[in-house]
2 protein chains.
Amino acid sequence: MSRRVTVEEAAALLREADDILLLLHQYPDGDTIGSGYALAMALTALGKRVRPVCSDPIPHKYDFLTEGTEFPVFTPAFICAMDVADTKLLGKLAEQGAAANLCIDHHATNVEYAENLLLDASCGAAAMVVYRVIRALGVPLDRRMAECLYTGLATDTGCFKYPNTTPEAHRIAAELMEEGARYAMINESMFDRKTRARMDLERLALAGMQYHFNGRCAVMVITNRMVEETGAAEDDMEGLAPLPRQIEGVWVGVTLREKADGTFKASIRTGDKVNAADIAAYLGGGGHRGAAGCAVNRPLNEAVARVLEAVAARVDNINA
Amino acid sequence: MSRRVTVEEAAALLREADDILLLLHQYPDGDTIGSGYALAMALTALGKRVRPVCSDPIPHKYDFLTEGTEFPVFTPAFICAMDVADTKLLGKLAEQGAAANLCIDHHATNVEYAENLLLDASCGAAAMVVYRVIRALGVPLDRRMAECLYTGLATDTGCFKYPNTTPEAHRIAAELMEEGARYAMINESMFDRKTRARMDLERLALAGMQYHFNGRCAVMVITNRMVEETGAAEDDMEGLAPLPRQIEGVWVGVTLREKADGTFKASIRTGDKVNAADIAAYLGGGGHRGAAGCAVNRPLNEAVARVLEAVAARVDNINA
């Protein structure tokens, strides 16, 4: 169990610390990167030695956040995890995670591995919590910090579209824009740019969309062959999982992604009527009400059948 | 030329008026509908007789805004156009438009047909201007008005994604959420729901994407046959035009939509590097820097060739 700390207490811990390592989660997204780099810049401004680290390389689409930054190398005296709910999500940095002095997060599912935990699950993005911490540290925001925070905020809230968006998220966005965050450029590159490979992959995946239970469940399959054929990279897979659920009349959208060994993993997305976590739990996975996932260690046809079995078992009236 | 009025002056005109007709533009979108219905509700709350009217039926996706509203029928004594830059955009209500006492708008291109004009081109949505008017009228916002205004604001700013989004847009969104606007439901139905026909149409259109000038120009064609084959309705066409430009490396995205007579109309979308209006002008059309359009009265192959000719003529270095 962690000691729960307030924004002011977290800021005090950071103010007293130096040689601070900031841990980002694996498969880094806009929120962990934006949160980590914003705090790194703020702590640097306070004269501290600080370094954000990640077990995976930062995808090139975030170059505009990291470009030109240089952080010193040192033996860490204080470790702070950014947007990391569990040390399992740290990849080869799990050991550093187990020694974390502080974790700044917004996941209700945080397993409380860090000594101190600043958690606000009402925030749509960890970047909102980091925004408060930087304010409490008294560091004036500059354009670069504002762009880091804006990126975290926008990516985790689906550009203010998802239910996790709060009035505070909008008010922080307004301030970050006033600090000079190039929001239009950020939004375009986060939400409106696709590689040709991604376009092609989407087209192939849409072509194979299966409808079940009178169109209430849609299943989209992404095979290794499609990935090879289109030349899609790991980055190109991002944001595919919601597509089946976007179809009118669909209660349960499932994306089955083939793994290297020919078995599948399932991403399950649902609307108000259905709890995705229930369906995932039936298959040994977990997640949230609206989005959950699990491994389905079977070849394609059996994997689809298993998923449909889970849907039928856990969703009332899907056949009605 | 119109007399330019301030928010307070516009509110005063409305406060003194009664039997007020609110004109929405043809092919009504979220902003004209949201703006018109919000103001209608606010004026009704002030005890006035008011009625929003449109030359076209309101699409069903906006039912949640209009449902249960009932407005009286009367001989108008005051006419106010909502989000209407030109009487040409009023369809069969153009005559009423020519007699407009007031126009509330955010288009810099407003042709000043109304007696009085409240225009703020810095606003991403007319709903922002209407928000200020309702505040000036002193009518407390309720959930329904908030949902009308939120819908206008979100749809015209691409859910706060487009360059026209301002800090004020975010702050107004925050207030509308606090008044109870069901933003998650609204965003889902405005941005994240597609009919099966739309999904299928998108897939067919993506399959035929053509790349020219080393991938700097992408052309997507939507034929009548695709529309028939998928059963897509007019509503399903919305939002297709930006797709070619979303592909990485594309400077100029063109969508060619077949008309009933087998000739085409072109929607041109560009990024920073290229002026879409220039390309459209070459073909006898017009528009904005980032989005423009024109008719290309030729069969498919000739239409594509004409568009490519215009692109080559108006875009420097497209062949470099």
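The values are calculated or read from the model by the stated rules, or taken from the named source; none is laboratory data. Please read all numbers here as calculations on a predicted model, not as lab measurements. Quick reminder, even Gly has a Cβ in these numbers, built from the backbone with ideal geometry, and neighbours come from all protein chains shown. Please note that ligands, DNA and RNA were not included when accessible areas were found on the heavy atoms of the full protein model with its side chains. Shrake-Rupley method; radii C 1.70, N 1.55, O 1.52, S 1.80 Å.
Do we have B:Gly249 as in a loop (DSSP other than H, G, I, E, B) and more than 14 Å from every other protein chain (Cβ to nearest Cβ) here?
Numbers: in a loop (DSSP other than H, G, I, E, B): yes; more than 14 Å from every other protein chain (Cβ to nearest Cβ): no.
Here the answer is no, as B:Gly249 does not meet what is asked.
Please determine, by comparing only the residues of region A:45-59 that are without any contact (Cβ under 8 Å) to a residue 40 or more places away in the chain and out of contact with any Ser or Thr (no Cβ under 9 Å at 6 or more places or on another chain), which one is farthest from A:Glu238 (Cα to Cα).
Looking only at region A:45-59, we keep the residues that are without any contact (Cβ under 8 Å) to a residue 40 or more places away in the chain, and these are A:47-52, A:54-58.
Okay, now just the ones that are also out of contact with any Ser or Thr (no Cβ under 9 Å at 6 or more places or on another chain), so A:47-49, A:51, A:55-57.
Details: A:Gly47: 37, A:Lys48: 35, A:Arg49: 33, A:Arg51: 26, A:Ser55: 18, A:Asp56: 16, A:Pro57: 16 Å.
Checked region A:45-59; the qualifying residue farthest from A:Glu238 (Cα to Cα) is A:Gly47.
Please go through region B:287-305 and give me each residue that is open to solvent by less than 40 Å² (accessible area, probe 1.4 Å) and under 15 Å from B:Val252 (Cα atoms), ordered by number.
B:Gly290, B:Ala291, B:Ala292, B:Gly293, B:Cys294, B:Val304
Could you tell me which of the residues B:Ala260, B:Ala241, B:Ala181, B:Ala169 is modelled with pLDDT of 95 or more, farther than 19 Å from B:Ala312 by Cβ and assigned to a loop (DSSP other than H, G, I, E, B)?
B:Ala181 is the lone residue from the list that is modelled with pLDDT of 95 or more, farther than 19 Å from B:Ala312 by Cβ and assigned to a loop (DSSP other than H, G, I, E, B).
Answer with yes or no whether B:Ala146 is within 11 Å of chain A (Cβ to nearest Cβ) and either part of a helix (DSSP H, G or I) or not aromatic (Phe, Trp, Tyr) (or both).
No, not satisfied.
Output the residues belonging to region B:263-292 that are hydroxyl-bearing (Ser, Thr, Tyr) and either in contact with a Cys (Cβ under 6 Å, 6 or more places away or on another chain) or not in a strand (DSSP E or B) (or both).
Scanning region B:263-292 gives B:Thr263, B:Tyr282.
Out of A:Leu283, A:Leu243, A:Leu308, A:Leu256, I need the residue that is touching a strand residue (DSSP E or B) at 6+ places or on another chain (Cβ under 9 Å), surrounded by 14 or more Cβ atoms within 10 Å (Cβ to Cβ) and either within 14 Å of another protein chain (Cβ to nearest Cβ) or at positive phi (or both). Which one?
Going through A:Leu283, A:Leu243, A:Leu308, A:Leu256 in turn, the sole match is A:Leu243.
Give me the pairs, please: first residue somewhere in region B:96-114 and more than 26 Å from B:Phe74 (Cα to Cα), second residue anywhere and in a helix (DSSP H, G or I) and charged (D, E, K, R), beta-carbon distance under 9 Å, and either six or more positions apart or on two chains.
Listed pairs, sorted by first residue: B:His106/B:Asp31; B:His106/B:Asp156; B:Val111/B:Lys88.
Just for region B:194-213: of the residues that are out of contact with any strand residue (DSSP E or B) (no Cβ under 9 Å at 6 or more places or on another chain) and open to solvent by 40 Å² or more (accessible area, probe 1.4 Å), which one is farthest from the other protein chains (Cβ to nearest Cβ)?
Looking at residues that are out of contact with any strand residue (DSSP E or B) (no Cβ under 9 Å at 6 or more places or on another chain) and open to solvent by 40 Å² or more (accessible area, probe 1.4 Å), I get B:Asp200.
Step by step: first the residues of region B:169-193, then only those that are touching a Cys at 6+ places or on another chain (Cβ under 9 Å) and within 7 Å of another protein chain (Cβ to nearest Cβ), then the one that is least open to solvent (accessible area, probe 1.4 Å). Which residue is that?
Among those that are touching a Cys at 6+ places or on another chain (Cβ under 9 Å) and within 7 Å of another protein chain (Cβ to nearest Cβ), it is B:Asn187.
For region A:216-238, give me each residue that is charged (D, E, K, R) and either in a helix (DSSP H, G or I) or within 13 Å of another protein chain (Cβ to nearest Cβ) (or both).
Those that are charged (D, E, K, R) and either in a helix (DSSP H, G or I) or within 13 Å of another protein chain (Cβ to nearest Cβ) (or both): A:Arg216, A:Arg225, A:Glu228, A:Glu229, A:Glu234, A:Asp235, A:Asp236.
Does region B:60-86 hold any residues that are hydroxyl-bearing (Ser, Thr, Tyr) and open to solvent by 30 Å² or more (accessible area, probe 1.4 Å), and which are they?
Answer for region B:60-86, where residues must be hydroxyl-bearing (Ser, Thr, Tyr) and open to solvent by 30 Å² or more (accessible area, probe 1.4 Å): B:Thr69, B:Thr75.
Determine whether A:Arg269 is within 14 Å of another protein chain (Cβ to nearest Cβ) and of a type in the set (Lys, Arg).
Taking the combined requirement at face value, the residue satisfies it.
Within the group A:Thr151, A:Thr155, A:Thr166, which residue is within 14 Å of chain B (Cβ to nearest Cβ), among the hydroxyl-bearing types (Ser, Thr, Tyr) and over 15 Å from the mean Cα position of the chain (by Cα)?
Answer to the check: A:Thr166.
Go through (1) within 7 Å of chain B (Cβ to nearest Cβ); (2) part of a helix (DSSP H, G or I) for A:Lys161 and report which single condition fails.
(2)
How about region B:310-320: which of its residues are in contact (Cβ under 8 Å) with a residue 24 or more places away in the chain and either closer than 16 Å to B:Ala218 by Cβ or of a type in the set (D, E, K, R) (or both)?
Selection gives B:Ala310, B:Val311, B:Ala312, B:Arg314, B:Val315, B:Ile318, B:Asn319.
Can we say A:Gly91 is under 24 Å from the mean Cα position of the chain (by Cα) and crowded, with 20+ Cβ neighbours inside 10 Å?
In short, no.
With respect to A:Arg216, is the statement that it is modelled with pLDDT of 95 or more, over 22 Å from the mean Cα position of the chain (by Cα), buried (at least 18 other Cβ atoms within 10 Å of the Cβ) and charged (D, E, K, R) true?
So A:Arg216 fits the description; yes.
Sort out which residues of region A:222-239 are crowded, with 20+ Cβ neighbours inside 10 Å and of a type in the set (Val, Ile, Thr), and write them in order of number.
A:Ile222, A:Thr230
Does region B:35-59 hold any residues that are closer than 21 Å to B:Thr75 by Cβ and open to solvent by less than 50 Å² (accessible area, probe 1.4 Å), and which are they?
Listed by number, the residues that qualify are B:Gly36, B:Leu39, B:Ala40, B:Leu43, B:Lys48, B:Val50, B:Pro52, B:Val53, B:Cys54, B:Ser55.
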